Structure formats: structure tokens, C-alpha cells
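Colleague: Mind having a look at this structure? Questions to follow.
Just so it is clear, none of the values below were taken in a lab; they were calculated from the coordinates. Predicted model only: the values in this text are computed from it and were never measured. Cβ coordinates were reconstructed from backbone atoms using ideal geometry, including for glycine residues, and neighbour counts include every protein chain displayed.
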Amino acid sequence: MGKAWTFGENLNTDEIIPGRFNITIDPLELAKNVFCEIKAEYAKNVKPGDIIVGGQNFGCGSSREHAPIAIKGSQAKCIIASSYARIFFRNAINIGLPILECPEAVADIEEGNEVDVDLASGKINNITKGRTYQARALPDFVLKIADAGGIVNFLKDHDIQELLA
């Protein structure tokens, strides 16, 4: 369970982490400046397990992986959005950042609400409002990638031939 941090529509990767900070790929370093120009209090106040909630086309803009890496470095549990830019979606999966699509949750969750997410089932509970929403659950292989910390770690721990069989 964590606090909801809400963002609007078409949140672009430069708003997530401005280009001037993309001189590293260290998640903890990037996390120090995540959302610095649009929600400066986030980096100082986010707690492990907090939830990011965004509108449509979350993560649009550049294809740099820095944006999902910065969010993952902030120790947010996951992102819930109405929809994602395709490259952000893929980058998030590749680095092991769980993401869910659920327009109903996005429309109802407010900044500061206490939210609990079950990634395996896609169930989102807004504890503050006493409401439950159903996102499409993440496939098992995506959960395994997230649990491993990203696709590179996942592939290090698994025989590629076994995965292809």
C-alpha cells in the first residue's frame, strides 16, 4: 500500500526526468531529480511502495530509458495510467518497472489517496475511497521480468533455449 502521486495527460519523458540529468543511468541518482520541474516535492517525499497515477499517453516523447529508470529508482511500486506511449511501455517492461492500464482507476484516484495494487491479478484498491478497480493483469512472464529487476537480469537467470521451447 502506498500514497498516490497523480499526473495529467501526455506526461512526456522530459517532464519525468529533464535531459540535463541524463548523464547517468544510475536509478538512485536519476530518482533525485524525477519530476523536478512539475512536482518538485515528489523526489523528497516519495516512499517505497507509493503509486504513480497518470492519464493518457504516459511517457510520450523521447525513447530514452532514463524516464522509467528514474521512476523505478524512486522505489514507486508501479504506474497506473489510462494508456502509455509505446516506447515507454516497452522500456518500463525491459527495466522491470510494473505498469498497469486502468482508465477507471485514473479517473477516480486523487493525489494522496492510499492505494494498494496486486500486480498479479491487476486489482487496484483505493483504500481512501473504499473502491476497487480492475486493470488488465500483467502476464506471468512480465511479472517474472519485474521480479528479476529487468529483462537483462531475467535472461541471466534463465536458459534462453528453455524459454523458447
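Colleague: For an R0 of 45 angstrom, estimate the FRET efficiency from the Cβ-Cβ distance between L155 and E104 and round to the nearest 0.05.
Modeller: 0.85
Colleague: I'm checking a number: the convex hull volume of the Cα atoms of the range 1-98, normalised per residue, in Å³. What is it?
Modeller: So the per-residue Cα hull volume is 79 Å³.
Colleague: Quick one: check the C-alpha center-to-center distance for the range 121-159 versus the range 49-99, whole angstrom.
Modeller: First find each Cα centre; the distance between them is then 13 Å.
Colleague: OK, next. If the viscosity is 0.890 mPa s and the temperature 25 °C, what translational diffusion coefficient in µm²/s does Stokes-Einstein give for the chain when Rh comes from Kirkwood over Cα pairs?
Modeller: D, rounded to a whole number, is 155 µm²/s.
Colleague: Which value does Rg/Rh take for the range 16-67 over its C-alpha atoms, Rh per Kirkwood?
Modeller: Rg/Rh for the range 16-67 comes to 0.94.
Colleague: Turning to a different aspect of this structure: Would you mind telling me the antiparallel percentage of the DSSP bridges in the chain, rounded to 5?
Modeller: Values: 10 of 22 bridges.
Rounded to the nearest five, the antiparallel share is 45 percent.
Colleague: In addition: What percent do you get for the relative contact order of the range 1-131 when only Cα pairs under 8 Å and 6+ apart count?
Modeller: Reported as a whole number, the value is 28 percent.
Colleague: Can I ask one more? Let me know the charge dipole size of the range 2-164 about its Cα centre in debye, to the nearest 20, where only the beta-carbon of Lys, Arg (+1) and Asp, Glu (-1) is charged.
Modeller: That gives the range 2-164 a dipole magnitude of about 140 debye.
Colleague: Kindly state, to the nearest 0.05, the FRET efficiency for K39 paired with D116, given R0 = 22 Å and r defined as their beta-carbon distance.
Modeller: Computed FRET efficiency for K39 and D116 comes out at 0.50.
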